[in-house]
Amino acid sequence: MNINQHSYPNLAFVDIETTGSHFDRDRITEIGIKTLSSDGIQVWEQLINPQAYIPLNIQKLTGISPQMLEDQPSFELIARELQQQLEGKIFVAHNARFDYGFIKASFKRVGIDFKPKVLCTVKLSRLLFPDQPRHNLDTIINAHRLKVSARHRALGDADLLLQFWRVCESKFGNEKLNEVINQIVGNPSLPPNIDKELIDSIPDSPGCYIFYGDNKTPLYIGKSISLRSRVMGHFQGALTQRKEMKLSLQIRDIDWIQTSGELGALILESRLIKERMPSMNIKLRRSKDLCGWSLVKEDSGALTPALVTHHQLAPGLQDNLYGLFYSKREAYNYLKAIAKKYRLCEALLGLEKRVEGKSCFGFQVKQCAGACLNLTPVDLHNLQLKTALELF
Ligand SMILES: [Zn+2]
């Protein structure tokens, strides 16, 4: 295929080496770029002094030692030149959000706003070779018999991406590739292994969502009153937050269950997490934040929930303990949700200050059935509260 006849925009095939995987804490040690334009192929590579420690396992993987970087420029010194290299080109990388995230963060530290169009070659491979079970670089190398020059060095890996692109060109032609570029570019925040159609099919209504990793193992379970927006929120967060990025790279499939409202979503989320024990939820939740509600009888005869924290969780308390919740916030959210659903009084529940003889705020907006004004008998309010807490 004649490169002078290609009809798509200029492409910069980029790979970087780093001191680790945190793009806020770690630094770039090498950048390699192969640019494909109407002028042919241009090559740019640069070692960078990260001014930071390089872990031994990474030194072994890349072969880049601190001695090699001692006399190399810092990122700040090469930033302008790099910017010129990438300007006006589509940024092509494997698991692009990693390379893109690092370069974007590095530019930001020196006051440069970097917003290229991004093309991820994992997504490209998934779209064009859907039958291939995996799309990591080693699989692609084997599947298409690419020539490896320097694996795990920036320019060597960037060259593999260019070779892969050539394979795609010869198998599918420019027109198809152009279509695929348009499909992928413009959605840089979607995880590499998830289709836009799948996201689009998630309803924006209350419910729980489940992120799956390899072999349908549950990674993360969450709930929201608007499922699609919440799921998209994770992926947008992946461009700036490390935990979200890690999650996003591992996601292979997404499932969801709609519920009739917020309360249903809360209960379902708790049940699903206990049943399926998704690895990321377990990591994010600490048992020291465990708490529950126990009911205390006031002089008025009204039962009021009191928060019982991890330290106070004593054996024998269980028959008057409702929960458990993984955080105070979750416990309060649940209480607020049942108040809303069963028209309980937030003043009686201790969620707002009670003024004798006066209604709560909820009564004024027709959310409280009026237990604060004795319009609902205290015993009935107590029973409704107990029933609602027992749902959890
Ligand atoms: Zn009230």
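Structure notes:
- Those residues of the stretch 56-65 which are of a type outside the set (A, V, I, L, M) and surrounded by 14 or more Cβ atoms within 10 Å (Cβ to Cβ), in sequence order: 59, 62
- Qualifying residue in the stretch 194-216 (condition: part of a helix (DSSP H, G or I), under 23 Å from residue 128 (Cβ atoms) and either small (Gly, Ala, Ser) or in contact (Cβ under 8 Å) with a residue 60 or more places away in the chain (or both)): no
- Evaluation of residue 357 against (1) loosely packed, with under 13 Cβ neighbours inside 10 Å; (2) small (Gly, Ala, Ser); (3) within 28 Å of residue 274 (Cα to Cα) (one fails), failing number: (3)
- Among the conditions (1) within 16 Å of the ligand (Cβ to nearest atom); (2) modelled with pLDDT of 90 or more, the only one that residue 307 does not satisfy is (1).
- Restricting 75, 129 to residues that are free of Cβ contacts under 8 Å to residues at least 40 places away in the same chain and surrounded by 14 or more Cβ atoms within 10 Å (Cβ to Cβ) narrows the list to 129.
- Residues within the stretch 12-26 that are in contact with a helix residue (DSSP H, G or I) (Cβ under 7 Å, 6 or more places away or on another chain) and buried (at least 16 other Cβ atoms within 10 Å of the Cβ), tallied: 9
- Residues in the stretch 207-226 that are touching a Phe, Trp or Tyr at 6+ places or on another chain (Cβ under 9 Å) and on the phi > 0 side of the Ramachandran plot: 1 in all.
- So residue 189, is it closer than 25 Å to residue 104 by Cβ and at pLDDT below 95: yes
- The stretch 217-260: number of residues that are part of a strand (DSSP E or B) and free of Cβ contacts under 8 Å to residues at least 24 places away in the same chain: 0
- Filtered residues of the stretch 350-374 (kept if within 9 Å of the ligand (Cβ to nearest atom) and either part of a loop (DSSP other than H, G, I, E, B) or in contact with a strand residue (DSSP E or B) (Cβ under 6 Å, 6 or more places away or on another chain) (or both)): 352, 354, 359, 360, 367, 368, 369, 370
- Filter pass, residue 301 being within 16 Å of the ligand (Cβ to nearest atom), over 22 Å from residue 263 (Cα atoms) and part of a loop (DSSP other than H, G, I, E, B): yes
- Annotation note: Cβ proximity below 6 Å between a residue of the stretch 90-110 that is at negative phi and a residue that is of a type in the set (D, E, K, R) and surrounded by 19 or more Cβ atoms within 10 Å (Cβ to Cβ) (sequence gap 6+ or interchain) occurs for 93/99.
- Selection status of residue 382, polar (S, T, N, Q), away from the ligand (no atom under 16 Å from the Cβ) and in a helix (DSSP H, G or I): no
- In the stretch 37-125, counting only strands (runs of 3 or more DSSP E) that sit wholly within it, the ones holding 1 or more residues that are under 30 Å from the mean Cα position of the chain (by Cα) and at pLDDT below 95 span 90-93, 117-120.
- For beta carbons closer than 6 Å, sequence separation of 6+ or different chains, a first residue in the stretch 369-391 that is of a type outside the set (Gly, Ala, Ser) and a second that is part of a helix (DSSP H, G or I) and within 14 Å of the ligand (Cβ to nearest atom), the qualifying pairs are 381/371; 384/342.
- Test: residue 113 is out of contact with any strand residue (DSSP E or B) (no Cβ under 6 Å at 6 or more places or on another chain) and under 30 Å from residue 179 (Cβ atoms): yes
- Of the residues making up the stretch 320-349, those that are within 17 Å of residue 261 (Cα to Cα), within 13 Å of the ligand (Cβ to nearest atom) and touching a residue at least 40 places away in the same chain (Cβ under 8 Å) are 340, 342, 344.
The values are calculated or read from the model by the stated rules, or taken from the named source; none is laboratory data. Keep in mind that this is a model prediction, so the values were computed, not measured. Positions of Cβ are backbone-derived with ideal geometry, glycine not excepted, and every protein chain shown enters the neighbour counts.
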